[in-house]
Structure formats: structure tokens, C-alpha cells
Amino acid sequence: MSQLKIRLYGDPCLRQKCDTVTDVGSAERMLIQSMIQTMHAHKGIGLAAPQVGINRRILVIDINDGQGPLAMINPTIVKTNRYADMEEGCLSIPNVHIVVERPYEIIVRYTNADNKEEEKRFTELMARAVQHEMDHLDGKLIVDYASDEELDKYRDKLEEIKKQAKNN
Ligand SMILES: [Zn+2]
């Protein structure tokens, strides 16, 4: 188990569509543990594999609600309900906050770290975190939801992060 380097906005890794995971074994479980450690070290509430340079459909979430970290492999949304706006941040785009409209309630089907299929219902922050991380698996980022005003506001900041990504 080791901490992984977080890829920053501008890194091509964040823009690729990730591959489906065909088997969850010890290598995947080790990666999940390292991702959880990395997420906690950066005080994030979610982390997707492409954010640590791995283009596979794996994400981890921990919204600090006492339910502990959760790992999802190959997640798909089977149902959504009600939309809400909320400001989101991203460990790959530090200090940038974008208002994103997303379903408030979702049912997600995924494989867990024990290689078992699960289907769970999430609402509020948990639903949001899952959808944010799922976006990463398709190469989608919060800046893709930004209004012109938000893009204007963060233009310099984003350029700065891109430069950092090159030297990372
Ligand atoms: Zn993110």
C-alpha cells in the first residue's frame, strides 16, 4: 500500500475513457487500498483511478459519514431522481469550484472489492460524489460544466494548473 501521485488538470490521462475491469483480484484490492490512502491524505471525499494515472473503471468514496470508504468497480447508474445544483471541487483541479447540476438521488450497480455485484441507492452528497467520480471514468471533468463566468473567473488558475501538470 502506498500513496499515489495525483494527476492534475491538463494531464491527458484525465481525458481518456477508462477500460472495464474484468476481474477483481489482489492487484485491484491493493490499488483500491492505495487509492483510499491517497484520497484520505489529500482530504478528498472521492478519487477515481484515472486521477492516479490508471485508466480502469475503479473509484473510491468516503464522505466522512462514518460508513467508511467504499470502492466501486465498473459502476453504472440504473436510476436517477430529482436534480440539484451544488458547488464541486476536484483533487485534480485544486482551488477551482464549479456549480454542477446532477441528480439528487441515484441507484448504482457496481462490483465491490470482494468481486460481488451490488446495487445501492444514494442521495445528496454521496450521490454527488459517486457521479463526480463516475464522470472521471469517462474523461469528464467539472470544468466541462462550467459557465462562461466561471471559466473567466478561473482562466488564470486553470492555466497555472496545466503548467503544474506538465512538470508533475
Ligand atoms: Zn474529481
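Every read-out reported here was derived from the displayed coordinates using simple, explicitly stated rules and does not represent laboratory data. None of the values given here were measured: they were computed from a predicted structure. As a convention, Cβ positions derive from the backbone with ideal geometry for all residues, glycine included, and neighbour counts pool all protein chains shown.
Listing for the model above:
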quantity	calculated
Net charge, I142 excluded, C-beta distance under 14 Å - Lys, Arg +1, Asp, Glu -1	-3
Residue of D138, D11, D156 that the Gaussian network model of the chain assigns the largest fluctuation, springs spanning Cα pairs under 10 Å	D156
From the C-alpha gyration tensor of region 50-97, square roots of 5λ in Å	19, 18, 14
Check: the chain dipole with +1 on Lys, Arg Cβ and -1 on Asp, Glu Cβ, in debye	460
Residue of V24, V52, V108 that the Gaussian network model of the chain assigns the largest fluctuation, springs spanning Cα pairs under 10 Å	V24
Charge context of I45, other residues only, Cβ under 15 angstrom, K/R +1, D/E -1	-4
Per residue Cα convex hull volume in Å³ - calculated over region 12-163	108
Candidates Y104, Y83, Y154: whichever shows maximal mean-square fluctuation once the chain is modelled as a Gaussian network with Cα springs under 10 Å	Y83
